[in-house]
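Participant: Dropping the structure in here first, questions after.
Values quoted throughout were computed directly from the atomic coordinates according to the rules given, and no laboratory measurement underlies them. Note that the coordinates shown come from a computational prediction; the quantities given were computed from them, not determined experimentally. Because the Cβ atoms are built from the backbone with ideal geometry, glycine has one as well, and the counts that use them run over all protein chains shown.
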């Protein structure tokens, strides 16, 4: 477990370094659409005088605002994701869920190894185990918040890059309309039961430690 924990921390730091250097995949973050979208499969906006299947959809954007047949710069990946070539800080924020999860998992392992050792030796209520469980819960909570907030901040910065970068179509260049993309808060709730479990174990272990100390004092 010690080796796995160190490997997780090293992998997370390596992933963060690659993001800062602009290596690997492009930065992506979850967004929501405020554009007049008519075709969600490929995310093509509704445009006056153009439709994919010959039918009309509305409300529709003017052809002067968006060329018909040009998809929006988003893709489906569980939710809508927008990506762009961004600065290192934005890339780091956008990938916080990946590298932060690895680092947090490794740190939690390192924090809990002494508690597991004492438990294996028959001393589950050894002094300090409750504190270690509390620290593990705090690490998971911080990583959860960083990953969630990082996505929202990265989405704002990615959208700004998309709106500032000219786009191209067969009819010429055009700009991404402002406010067609907006950041969205996507919360993954799976860390919550982990945090609650660790806190419950910390409380129970702390109680057991106090009872054990009182019993030893009586003896």
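Participant: Expressed as a rounded percentage, what relative contact order does the chain have, with Cα pairs under 8 Å and six or more residues apart?
Facilitator: Values: 343 pairs, mean separation 58.5, N = 219.
Relative contact order comes out at 27 percent.
Participant: Using the beta-carbon distance between residue 26 and residue 113 and R0 = 41 Å, what value does 1/(1 + (r/R0)^6) give for FRET efficiency, to the nearest 0.05? It would help to have the intermediate numbers written out before the result.
Facilitator: On the way: r = 37 Å, r/R0 = 0.90.
Efficiency, rounded to the nearest 0.05: 0.65.
Participant: Sticking with this structure for a sec: Does anything in the stretch 99-142 have its amide N under 20 Å from the 7 Å Cα→Cβ label point of residue 6, and if so which residues?
Facilitator: 102-118
Participant: If each residue of separation counts as 0.36 nm, what is the full-extension length gain between residue 138 and residue 121 once their alpha-carbon separation is subtracted?
Facilitator: Values: separation 17, 0.36 × 17 = 6.12 nm, distance 2.59 nm.
Stretched fully, the residue 138-residue 121 segment lengthens by 3.5 nm.
Participant: Length gain on complete extension for the stretch residue 175 to residue 145, per 0.36 nm per residue less the alpha carbon to alpha carbon distance?
Facilitator: Numbers: separation 30, 0.36 × 30 = 10.80 nm, distance 3.36 nm.
Going from the current span to full extension adds 7.4 nm.
Participant: Still on this structure, please answer the following. Under the rule of -39500 (n - 2.57) per DSSP H run of 4 or more residues, summed and divided by the residues of the chain, what mean residue ellipticity at 222 nm is obtained, to the nearest 500 deg cm²/dmol?
Facilitator: On the way: 5 runs with 115 residues, N = 219.
Mean residue ellipticity at 222 nm (helix-derived): -18500 deg cm²/dmol.
Participant: Now for a separate question. Can you tell me how much longer the chain between residue 200 and residue 52 gets when fully stretched, taken as 0.36 nm per residue apart minus their C-alpha distance, in nm with one decimal?
Facilitator: Details: separation 148, 0.36 × 148 = 53.28 nm, distance 5.51 nm.
Full-extension gain reported as 47.8 nm.
Participant: How far, in degrees from 0 to 90, does helix 191-218 lean away from the longest principal axis of the Cα atoms of the chain, to the nearest 10?
Facilitator: Approximately 10 degrees, to the nearest 10.
Participant: Mind ranking 177-183, 98-104 by how tightly packed they are, going by the mean number of other C-beta atoms within 10 angstrom, highest first? Walk me through the numbers on the way to the answer.
Facilitator: Values: 177-183: 16.4, 98-104: 21.0.
Ranking, from highest mean packing down: 98-104, 177-183.
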